[in-house]
Amino acid sequence: MLNQRSNFLSNMAVLGVICSGVGFGAVSSSFAADVASESSQSQVPFTFGTLVAKMKAQAQEAYTEPTVELPGALAELEYDGYRKIGYNRDRSKWNDTENFRVHAFHPGWLFKHPLKIYEVSEGAAQPFVFEAADFDYHDTELSASLSDVSFPGVAGFRLLNPLNVEEQMDELVAFLGASYFRALGAGNTYGLSARALAIDTASSRPEEFPHFTAFYLGKPVDGANLVTVWAELDSPSVTGAYQFTFKPGQQTEVDVTAHLFFRSDVERLGIAPLTSMYLYGENDRTGFDDFRPEVHDSDGLKLRFANGNTSWRPLTNPNNLQLSFLDAKSPVGFGLMQRDRDFEHYQDLEARYDKRPSLWIEPLGDWGEGSVMLAEIPTDQEINDNIVAFWTPDQEVKAGDELSFHYKMYWGDEVGHSEQVLMPVTQTRSGKAGHSASTENSLTRKFVVDFDASQFTESGLNGEQLVRAKPAIDNAALNGTVDFVDIHYIEELGIYRVFMDVSREDLSVPVELRLQLTDGEKAVSEEWLYQWGWSS
């Protein structure tokens, strides 16, 4: 369940390198059979409908492990060699289009199972052919050893677009490893990842990582600033047909349609899974001897519900695996956010955590009964992706089921609907309860929460007498009480600051906290959610 990334992968954001740790993409046996008799330049009719039909039929067959293997020279590539390889921009695909380019990721090293990529143009698909000449090896011996090798496929691909500067091709999205992908809004650097699907994450079963087995890239017409990618998904439990339409911008928009066909029962299905890293922030940096005040790709989970309420759940790096299930029937949206954009709060010139994108999921259509699951996994290194969030349906998923989901993704700075007028949570801190002379007690804790009141002060709502803090303990075991609460309006900062002391009786039972500001009748802030975790 914990996504491990090597230092190399963590530091190669400019290449869009993503590693899932398991389940890397491979060529599906059925697809290989489809094209075995075709030459590399032949065209075959293609529509999303035929892809859906194909994956539905494939779900009726037993799952087959990928069998396509790399030639010896590629299979023997190791980290030191792989890290020298880059794509030759002069060999970009789609050089004849205005707004997009295609680059491949070299097979080898961790990426042992090659996959095929196809170009779709005027309703027909033909293979994209990649070879050693498409890459810069930056090493004479390495280049000589690979120059005559035939590539059975590649590790993945990336799309480039003039996202930031006109006529300058910058990376827009990268697909690499299992069903992982990452995208950027204008001004962002790579941070959190998305997945096509999560199977049995944090359940009683081992987690299963479905993988993309083939991609079809729709060649954009002249001047178009949209590009569509179709993909095959396969795993022991499920097959899937996916359609992604990318619209680059300040917030890069991705329209996603997924059709899923289940071979077997699934205990926990995760729709629109998000994977990120949270090491520490202003709330929980204890134990980290580091010059940087904060280290994280995302700092909170944001949710918007059908009734108009919005919640903010600060992320934590707990001592033990921590799971939260937030009821979300037909949610309006949810996402992992990097809300703090102040470089001073990170002080990292290399990682530039202040430029990491947020990712907002906006369901389209009625998803029905379900909840958003947040998994927070203990870690002591920033190379580990230890945060997972997705929507999971309440209904059981059985063999033979067919499910479809449609949603939009927004990658960029604070994303989602802009019409929100509730005060957002800006910071969460905690420490020992009581006052400066109080002794530390593991059964008590002080929480300090800031709400941005700038948009309210502009409309005349200011002064602490106009706003009330409404705290609550949300726990079936009622393992907690709010002993003290106080609120202050800090005019020079434009914030409301709430102080709250909480006590508990049992360290082995987590305490679920809620806090919201009201004007006495209605909510005027997001609802702050927090899990004061358990200790073994």
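The values are calculated or read from the model by the stated rules, or taken from the named source; none is laboratory data. This structure is a prediction, so every number in the text was calculated from the model and none was measured. Quick reminder, even Gly has a Cβ in these numbers, built from the backbone with ideal geometry, and neighbours come from all protein chains shown.
A few remarks follow.
- Lone qualifier among Ala57, Ala32 - being modelled with pLDDT of 75 or more and assigned by TED's automatic domain parsing to the domain that holds Glu131: Ala57
- Selection within the range 96-126 - at positive phi and surrounded by fewer than 21 Cβ atoms within 10 Å (Cβ to Cβ): Glu122, Gly123
- Sole residue being out of contact with any Pro (no Cβ under 8 Å at 6 or more places or on another chain), aromatic (Phe, Trp, Tyr) and within 22 Å of Leu517 (Cβ to Cβ), chosen from Phe325, Phe334: Phe334
- Qualifying residue in the range 284-301 (condition: among the aromatic types (Phe, Trp, Tyr) and more than 19 Å from the chain's Cα centre (by Cα)): yes
- Restricting the first member to the range 372-387 and to residues that are crowded, with 21+ Cβ neighbours inside 10 Å, and the second to residues that are of a type in the set (Lys, Arg), the beta-carbon pairs closer than 9 Å and six or more apart or on different chains are Met373/Arg268; Leu374/Arg313; Asp385/Arg5.
- Residues that are polar (S, T, N, Q) and within 30 Å of the chain's Cα centre (by Cα) were ranked within the range 122-167; the one that is nearest to Arg101 (Cα to Cα) is Asn161.
- Test: residue in the range 100-107 that is basic (Lys, Arg), assigned by TED's automatic domain parsing to the domain that holds Ala231 and in contact with a Ser or Thr (Cβ under 6 Å, 6 or more places away or on another chain): yes
- Thr257 vs. criteria under 30 Å from Glu98 (Cα atoms), among the polar types (S, T, N, Q) and buried (at least 21 other Cβ atoms within 10 Å of the Cβ): no
- Qualifying position, being over 20 Å from the mean Cα position of the chain (by Cα), surrounded by 18 or more Cβ atoms within 10 Å (Cβ to Cβ) and more than 17 Å from Gly191 (Cα to Cα), among Val421, Val397: Val397
- Candidate set from the range 480-512 (those that are farther than 25 Å from Pro318 by Cβ and β-branched (Val, Ile, Thr)); member that is surrounded by the fewest Cβ atoms within 10 Å (Cβ to Cβ): Ile490
- Residue within the range 128-136 that is assigned by TED's automatic domain parsing to the domain that holds Phe48, touching a Gly at 6+ places or on another chain (Cβ under 7 Å) and assigned to a loop (DSSP other than H, G, I, E, B) present: no
- Look at the range 343-361: where a residue is at positive phi and a partner is part of a loop (DSSP other than H, G, I, E, B) and surrounded by fewer than 24 Cβ atoms within 10 Å (Cβ to Cβ), sitting 6+ places away or on another chain with Cβ atoms under 6 Å, you get Gln347/Arg292; Arg352/Thr189.
- Flag set for Leu315, criterion: closer than 23 Å to Val524 by Cα, modelled with pLDDT of 90 or more and either aliphatic (A, V, I, L, M) or surrounded by fewer than 21 Cβ atoms within 10 Å (Cβ to Cβ) (or both).
- Some residue of the range 375-382 being in contact with a helix residue (DSSP H, G or I) (Cβ under 9 Å, 6 or more places away or on another chain), in the same structural domain as Glu61 (by TED's automatic domain parsing) and of a type in the set (A, V, I, L, M): no
- Checking each residue in the range 480-533 for being of a type in the set (Ser, Thr, Tyr), farther than 17 Å from Val425 by Cβ and either part of a strand (DSSP E or B) or more than 33 Å from the chain's Cα centre (by Cα) (or both) picks out Thr481, Ser503.
- Condition met for Arg445 (at pLDDT below 90 and not assigned by TED's automatic domain parsing to the domain that holds His345): no
- Filtering Arg263, Arg285, Arg339, Arg352 for residues that are more than 20 Å from Gln516 (Cα to Cα), basic (Lys, Arg) and in contact with an Asp or Glu (Cβ under 8 Å, 6 or more places away or on another chain) leaves a single hit, Arg285.
- Among strands (runs of 3 or more DSSP E) entirely within the range 268-314, having at least 2 residues that are touching a residue at least 24 places away in the same chain (Cβ under 8 Å) and farther than 16 Å from Met337 by Cβ singles out 269-276, 278-280.
- Residue within the range 88-102 that is free of Cβ contacts under 8 Å to residues at least 40 places away in the same chain and farther than 26 Å from Gly223 by Cβ present: no
- Qualifying residue in the range 84-95 (condition: buried (at least 21 other Cβ atoms within 10 Å of the Cβ), of a type in the set (Phe, Trp, Tyr) and at pLDDT 90 or above): yes
- If the condition is being farther than 16 Å from Arg91 by Cα and touching a strand residue (DSSP E or B) at 6+ places or on another chain (Cβ under 6 Å), then the range 128-155 contributes Gly153, Ala155.
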